[in-house]
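Below is one structure, written out as structure tokens; the observations come after it.
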Amino acid sequence: MSKYATFSGRAPRSEFWFFLLFAAIGSFVGNLVDRATGVLITSTLINLALFLPSLAVSVRRLHDIDGTWWAPRTMFGFLWKRGTVGPNRYGPDPLAEM
């Protein structure tokens, strides 16, 4: 969540999938709380809070494979495809920095 609304740069597969796992766990917990209380406020707030970061990490993931949001050829490939090795037009390789 340190890059809450950062749309620039690149996100490796691990960053994308760990965010997705975090979001799924957060939604699950929110749903449990909502069922226990009978009010649908917790899951709604969690989903609203995660909307912008989910867009940001998806855009950074597309940048990692040197794709753009409007290119239909990259719509599903960004989920499992390894990012561009070395720097690309969106920045340095995030795996090379580790």
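Quick look at the values:
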| item | result |
| --- | --- |
| Compactness of the chain as Cα Rg over 2.2 N^0.38 Å, two decimals | 1.24 |
| Dipole magnitude of the range 13-79 about its Cα centre (Cβ charges: Lys, Arg +1; Asp, Glu -1), debye to nearest 20 | 80 |
| Range in the chain, longest, excluding exposed chymotrypsin sites (Phe, Trp or Tyr not before Pro) [loop by DSSP; at most 16 other beta-carbon atoms within 10 Å] | 8-68 |
| The chain, relative contact order in percent, only Cα pairs under 8 angstrom and at least six apart counted | 38 |
| Crossing angle, helix 13-37 versus the chain [Cα axis fit, 0-90 degrees, rounded to tens] | 10 |
| q = 0.15 Å⁻¹: log10 I(q)/I(0) that the Debye formula gives for the range 1-57, counting C-alpha atoms only | -0.46 |
| Degrees between helix 42-64 axis and first principal axis of the chain (Cα, 0 to 90, nearest 10) | 10 |
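Bear in mind these aren't lab numbers, they're just calculated from the coordinates by the rules spelled out. Worth saying up front: this structure is predicted, and the values here are computed from it rather than measured. In this analysis, Cβ positions are derived from the backbone assuming ideal geometry, glycine residues included, and neighbour counts consider all displayed protein chains.
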